[in-house]
Structures are given as C-alpha cells and as structure tokens.
Amino acid sequence: MRDILFAYEPYIRLAAFGGVFIVMAAWEFVVPRRTQAIGRGWRWPNNLGVVAVNTLLVRIVFPTTAVGLALLAEARSFGLFNVIALPAWVGVLASVVILDLAIYLQHVLFHAVPALWRLHRMHHADLEFDVSTGLRFHPIEILLSMLIKFAVVAALGAPALSVLIFEVLLNATSMFNHANVRIPLGLDRALRWLVVTPDMHRVHHSILARETNSNFGFNLPWWDRLFGTYRAQPAAGHEAMTIGIEQFRDSRELGLDRMLVQPFRGDPGRYPLGYREAER
Ligand SMILES: [Zn+2]
C-alpha cells in the first residue's frame, strides 16, 4: 500500500488537478457568476505560468514531498500519531482536519505580518476571480508554506494517506472556491456548512480591507465561524464588488514577470491586520 501510494503520487495529483481544472473551467464558461472585464487570454497563460514555476521550484528545492516526509516519520516512529496507538482512520481523519486548521492559521498569519502580506498579496492582486486565481501564489509563499506543512506533518506524525488526501483536496477546493461559477443561493447556503464556496471566498478577494480580512478558510468553512472571521456577503454584492487590492490595478501587472517582483515593490498598503488608519 505504502509503496503504491508513493509510486503513484504524481499521477494521482496530476489527474485530480487536470480533472477539477477542466470541470471548473467548463462550469465557468456555461454559468459564470460575473462578467469578466479582463479575459482569460491574457490572465490564464500568466497564472498557469506561475504554476509551472512553482512546481519546478518545489521539485528542485525540496529533497522529498510532504507524503515522503510522512512515510519517513512513520518509519522512524516520529510524531504524535506514530507514538500513540489509535485506529488508523482516526489518525487519517484527525490529520486532515488539523492540517486544514494549520492552513487557516497560516493564511491569517500571511495577512497579519506585513512582510508575509507582500508575498501573499500577489494572489490577491489578480483583477478577476476564477479557477486560475486559485493557483496563482508567489513562489516564495509556496516555499514557506511547504516548510510549514513539513513541520506540521512531522510533529503530527500524520499518516501518509492523510497528507495525500489533504494536498489533493486543498488543490481541488482551491480551484472550486475561486471559480467564477453561479451556484443557486439556497444550495450555496447549504454547502457553506461543509465546504468553502466560491461566493464565500469571493468576499476575501474584495478590494475593501475589512472584506479581504475575512473568510480565510480554504477547505472547511468552520474555522472562520469559530474564530469570528466569517463574513457572509460582500457589501457591494457579488456582481458589483471590485476584485483585487488597491495597488497593481494596471492589467500589465497580471504578467508573470510583474507578479514575481510585486512583493518587492511599493509599501505593504493598508491591508495587514494590525494596520491602523491613523498611522498612515
Ligand atoms: Zn488571502
């Protein structure tokens, strides 16, 4: 089982990524939520270019994947779930939920620390909100989140299966909850108890700082309700709201070259969580 999991890991990931991407892209095409001012022709090649850079970089920088690390921790009896005796399914389920909480907290951290916000704001600087937005993260943010994930996986002794489930799920839900798709309001309300929906996450991509600093969850919607960061709808409504941040509003900023240098340009802006209007 273990060897099979490890051997097929890249194919499982690629199949899930490709499958969900195609489904969401088709869904956006058939029932879009908003009309886009900037078309896919310019944004998608650049957003997917970031994915290519990130995939390559992670391969080069890290000697193993998070699943590989989980297998190593298991072999050496390292980490919480490799020390205490629990039914296997409990370890898998608990690990997926705890990894999701860690991602929520990490996301809040990237909105709180100005230097980290500089990295994360590249994701928010997309001027439209669709499936490709869910994939565009600055390479340095990707490297830092890999390190954080490695630390959580090692400390937890998370079962390799749970790490694979979590990573595939996160990739899939990120494409789902960034998608420009129209979901009937009643269905959206029901879904929000189980998973972060596009309408819920779109609030987080509003240009208004108080809306940007809400709905940090990616998979499970519970953390935002639990920690008081939940906001149901954007004030301006989903169709009229402005997507993006106050900086980088020119469509040239959507180019791959510009995206990569954005963290090093200008000031952090008034988005970081500790920002006070009076300090301006
Ligand atoms: Zn964010």
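The values are calculated or read from the model by the stated rules, or taken from the named source; none is laboratory data. As the structure is a prediction and not an experimental result, all values here were calculated from the model. Cβ coordinates were reconstructed from backbone atoms using ideal geometry, including for glycine residues, and neighbour counts include every protein chain displayed. The protein model used for the area step is the full one, side chains on, heavy atoms only, and it has no ligands, DNA or RNA in it. Shrake-Rupley method; radii C 1.70, N 1.55, O 1.52, S 1.80 Å.
Assorted remarks:
- Gain in span if fully extended, Val31 to Thr64, counting 0.36 nm per residue against the direct Cα distance: 7.9 nm
- A P(r) calculated from all alpha carbon pairs of the stretch 27-148, with 5 Å bins opening at zero, reads 2, 9, 14, 16, 16, 15, 12, 8, 4, 3, 1, 0 percent.
- Ranking Phe176, Gly41, Val97 by Cα position along the charge dipole of the chain, where only Lys, Arg, Asp and Glu carry charges on their C-beta atoms, puts Gly41 farthest toward the positive end.
- Net charge contributed by nearby residues that have their C-beta within less than 14 Å of Asp130 (K/R +1, D/E -1): +3
- At most 12 other Cβ within 10 Å, DSSP loop - chymotrypsin sites (Phe, Trp or Tyr not before Pro), the stretch 114-203: Trp193
- Cα-based convex hull, the chain, per residue volume (Å³, whole number): 138 Å³
- Basic side chains Lys and Arg get +1 at the Cβ, acidic Asp and Glu get -1 at the Cβ, and with that the dipole of the stretch 4-59 about its Cα centre reaches some 200 debye.
- Inter-site label distance for Phe264 and Asp188 at 7 Å from Cα along Cβ, in nm: 4.0 nm
- Between Val181 and Arg33, the built amide H atoms are under 5 Å apart, and every one of these is 5 or more places off in sequence or on another chain.
- Rg over Rh for the stretch 146-249 works out to 1.02, both radii taken from alpha-carbon positions and Rh defined as the Kirkwood radius.
- Remark: the chain carries a charge dipole of roughly 220 debye about the Cα centre, counting +1 on each Lys and Arg Cβ and -1 on each Asp and Glu Cβ.
- Two-site FRET efficiency, Asp3 against Val23, from Cβ-Cβ distance with R₀ of 35 Å, rounded to 0.05: 0.70
- Per residue solvent-accessible surface (Å²) - the chain, probe of 1.4 Å: 47 Å²
- Among the protein heavy atoms of the chain, carbon and sulfur supply 70% of the accessible surface, probe 1.4 Å, non-protein parts ignored.
- ³J(HN,Hα) computed for each position of the stretch 168-182 - Karplus, 6.51 cos²θ - 1.76 cosθ + 1.60, integer Hz, glycine/proline x: 5, 5, 5, 4, 5, 5, 5, 5, 5, 7, 9, 5, 8, 10, 8
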